[in-house]
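Trainee: Shown below is the structure under consideration.
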Amino acid sequence: MILTGKARLAGVVGWPISHSKSPRLHGYWLDKLAIDGAYLPLAIESNNFENSLNGLKNAGFQGVNVTVPHKEAALKYCDEVDPLAFRIGAVNTIVFKNGRSYGSNTDAYGFIENLRQNSENLEFSTAKVVVLGAGGAARGVIVALQDAGVPEILLVNRTKSRSEALAADLSIGHEGNIQVVDWEKRSEILSDVNLLVNTTSLGMAGQPPLELDLSDLPLNAVVTDIVYAPLITPLLELARSRGNPIVDGLGMLLHQARPGFEAWFSQKPEVTSALREFVLNG
Ligand code: ATR
């Protein structure tokens with residue numbers, strides 16, 4: 001690690017923050033690229049968010065990543081917010097420059113880049129996609145799919161009012177490409193699907209598994225989960241055992257980190273298998 005008086009500083013703001021993999025991930029790139037800089041875990045409570053961000057800005061930080069529970073507060077905090085982050089309704093990356101704060105959201109980019117890197121045969125412009133879940137994570141995924149040109153998205157959530165609200169909100173300017181499906185019908189809509197995405201917390205360590213019958217899913221359909229603890233969720237395990245290509249959620253985390261790193265430290269970082277191993281074994 002190189003750290004001089006001229007070091008560039010960045011970090012991740014969240015509460016709690018001790019579980020975050022981002023310091024290890026950015027630390028790997030800083031070391032690899034021999035950059036004079038540091039990326040710190042910053043535990044900040046909601047009632048202290050604005051003051052703390054002002055403090056970091058005034059202390060000369062290049063910027064921060066923002067994680068749970070501050071992504072919506074970050075959108076309100078920033079002086080300028082890019083249109084994609086507005087559509088998603090959340091900011092996860094802030095750059096401080098000349099006393100101002102610029103907010104963006106790199107989750108959609110991370111989601112698509114992970115699929116592009118790990119599922120070459122997926123053709124977004126003709127794909128039919130099932131998205132399970134309608135929380136904050138689903139917003140980023142759906143916006144990413146829309147921008148990649150996906151013509152048909154089936155949105156399935158336990159609480160239908162939430163999927164309806166999300167579909168109505170995100171359909172503005174993208175007429176008609178999101179259809180809401182009842183949670184009980186989720187196993188019956190898989191017969192001509194090209195991509196299945198789980199954005200619910202089901203399958204995460206400590207949560208119940210996602211119950212889904214994959215019998216109708218074509219064997220060439222890609223199955224991905226944004227959960228990465230465990231890396232292979234029960235859904236991915238089931239999909240892999242019947243021969244479907246799978247993409248785990250760790251890649252999304254690694255790819256979403258790239259634009260922030262480049263903005264703060266002025267070098268392009270790469271996602272490699274060595275990085276994956278390093279982050280997994282931390
Ligand atoms: P995030 O911002 O990470 O997406 P969230 O907003 O809490 O988190 O959303 C969690 C998602 O997992 C929601 O889609 C939630 O469904 P509801 O909208 O019905 O709450 C889904 N989820 C969580 N537990 C679930 C369960 N036991 N069965 C079905 N869906 C579940």
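Trainee: With the requirement that a residue be farther than 11 Å from VAL131 by Cβ, open to solvent by 50 Å² or more (accessible area, probe 1.4 Å) and either more than 15 Å from the ligand (Cβ to nearest atom) or not assigned by TED's automatic domain parsing to the domain that holds PRO245 (or both), what does the range 175-194 give you?
Mentor: Within the range 175-194, GLU175, GLY176, GLU188, SER191, ASP192, ASN194 meet the criteria.
Trainee: Right, here's the next one. Can you tell me which residues in the range 110-149 are within 16 Å of the ligand (Cβ to nearest atom) and in contact with a Phe, Trp or Tyr (Cβ under 6 Å, 6 or more places away or on another chain)?
Mentor: The answer is VAL141, ALA144.
Trainee: Can I ask one more? Please find, within the range 210-223, the residue that is surrounded by the fewest Cβ atoms within 10 Å (Cβ to Cβ) out of those that are within 13 Å of the ligand (Cβ to nearest atom) and over 21 Å from the mean Cα position of the chain (by Cα).
Mentor: Going through the qualifying residues, I end up with GLU211.
Trainee: Would you tally the residues in the range 150-164 being out of contact with any helix residue (DSSP H, G or I) (no Cβ under 7 Å at 6 or more places or on another chain), under 22 Å from PHE111 (Cα atoms) and within 11 Å of the ligand (Cβ to nearest atom)?
Mentor: Going through the range 150-164 one residue at a time, the tally reaches 2.
Trainee: If you scan the range 94-108, which residues turn out to be open to solvent by 50 Å² or more (accessible area, probe 1.4 Å) and in a strand (DSSP E or B)?
Mentor: Of everything in the range 94-108, those that are open to solvent by 50 Å² or more (accessible area, probe 1.4 Å) and in a strand (DSSP E or B) turn out to be LYS97, ARG100, TYR102.
Trainee: A further question follows. Select, from LYS71, LYS32, LYS97, the only residue that is more than 24 Å from MET252 (Cα to Cα), among the basic types (Lys, Arg) and at pLDDT 95 or above.
Mentor: Within the list LYS71, LYS32, LYS97, the selection yields LYS97.
Trainee: Looking at the range 195-209, can you tell me whether even one residue there is in contact with a His (Cβ under 9 Å, 6 or more places away or on another chain) and within 16 Å of the ligand (Cβ to nearest atom)?
Mentor: Taking every residue of the range 195-209 in turn, none turns out to be in contact with a His (Cβ under 9 Å, 6 or more places away or on another chain) and within 16 Å of the ligand (Cβ to nearest atom).
Trainee: Could you tell me whether any residue of the range 236-244 is modelled with pLDDT of 95 or more, assigned to a helix (DSSP H, G or I) and either open to solvent by less than 70 Å² (accessible area, probe 1.4 Å) or within 16 Å of the ligand (Cβ to nearest atom) (or both)?
Mentor: Yes - at least one qualifying residue is present in the range 236-244.
Trainee: Restricting attention to the range 245-266, which residues are open to solvent by 50 Å² or more (accessible area, probe 1.4 Å) and among the β-branched types (Val, Ile, Thr)?
Mentor: Of everything in the range 245-266, nothing turns out to be open to solvent by 50 Å² or more (accessible area, probe 1.4 Å) and among the β-branched types (Val, Ile, Thr).
The values are calculated or read from the model by the stated rules, or taken from the named source; none is laboratory data. All values reported here derive from a predicted model rather than from experimental measurement. Positions of Cβ are backbone-derived with ideal geometry, glycine not excepted, and every protein chain shown enters the neighbour counts. Each accessible area value is taken on the protein alone, full model and side chains, heavy atoms only, with ligands, DNA and RNA left out. Shrake-Rupley method; radii C 1.70, N 1.55, O 1.52, S 1.80 Å.
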